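Q: The following block contains the structure, expressed as structure tokens.
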């Protein structure tokens, strides 16, 4: 795996924490009047954090394991919006969610760093993405991270626009 991607994955927990911390406290659960243009799923700031935590473990950890252990498995997508509603992310503690995510990502980095070229070349089919290799899946995880940083920045833009709007 290339160092650029590994470094981005390793640094993401700190970036996520910093982006979340940039959201004013009174807006951690705030939703804009429209989600048009959001570069991630339409989640509030706390929902973004909880989503990233759960997708790391229930999405990517499972996908990596199955790709390593099964012959060309079909990797299902996860209905993240349904999970957000079912688990009531709005009621979660952000510090706990961020700590759990840091731990999960450390496990991800440990796994990815130990993979051989042959393991990274293992194949699967990812619902919504199509055929891929485990190496592809790592890049999709990195892309997913960036989407959620962008989503938090987008929320900040919406918050600032709301604050500046005349009453």
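Q: Quick check, is residue 150 assigned to a helix (DSSP H, G or I), over 16 Å from residue 61 (Cβ atoms) and under 18 Å from the mean Cα position of the chain (by Cα)?
A: On the way: assigned to a helix (DSSP H, G or I): yes; over 16 Å from residue 61 (Cβ atoms): yes; under 18 Å from the mean Cα position of the chain (by Cα): yes.
Considered against the rule, which asks whether it is assigned to a helix (DSSP H, G or I), over 16 Å from residue 61 (Cβ atoms) and under 18 Å from the mean Cα position of the chain (by Cα), residue 150 comes out as yes.
Q: Within the range 1-26, track down each residue that is crowded, with 16+ Cβ neighbours inside 10 Å and closer than 11 Å to residue 152 by Cβ.
A: Passing the criteria: 16, 17, 19, 20, 23.
Q: Right, another one. For residue 80, work out the one condition from (1) more than 12 Å from the chain's Cα centre (by Cα); (2) without any contact (Cβ under 8 Å) to a residue 40 or more places away in the chain; (3) surrounded by 15 or more Cβ atoms within 10 Å (Cβ to Cβ); (4) closer than 14 Å to residue 148 by Cβ it doesn't fulfil.
A: Answer for residue 80: the failing condition is (1).
Q: Within the set of pairs 6 or more residues apart or between chains, which connect a residue that is within 9 Å of residue 75 (Cα to Cα) inside the range 124-140 to a residue that is part of a helix (DSSP H, G or I) with Cβ atoms less than 6 Å apart?
A: As it stands, the answer is 124/67, since those pairs meet every condition given.
Q: Let me ask something additional. So how many residues does the range 110-147 have that are part of a helix (DSSP H, G or I) and closer than 25 Å to residue 38 by Cβ? First the steps, then the outcome.
A: Taking the range 110-147 first, the residues part of a helix (DSSP H, G or I) are 110-114, 117-120, 134-147.
Restricting the remaining residues to those that are closer than 25 Å to residue 38 by Cβ gives 136-147.
Going through the range 110-147 one residue at a time, the tally reaches 12.
Since every read-out is calculated from the coordinates, none of them should be taken as a lab result. Just so it is clear, the model here is predicted, and its values are computed rather than measured. Cβ atoms come from the backbone with ideal geometry, glycine included; neighbour counts cover every protein chain shown.
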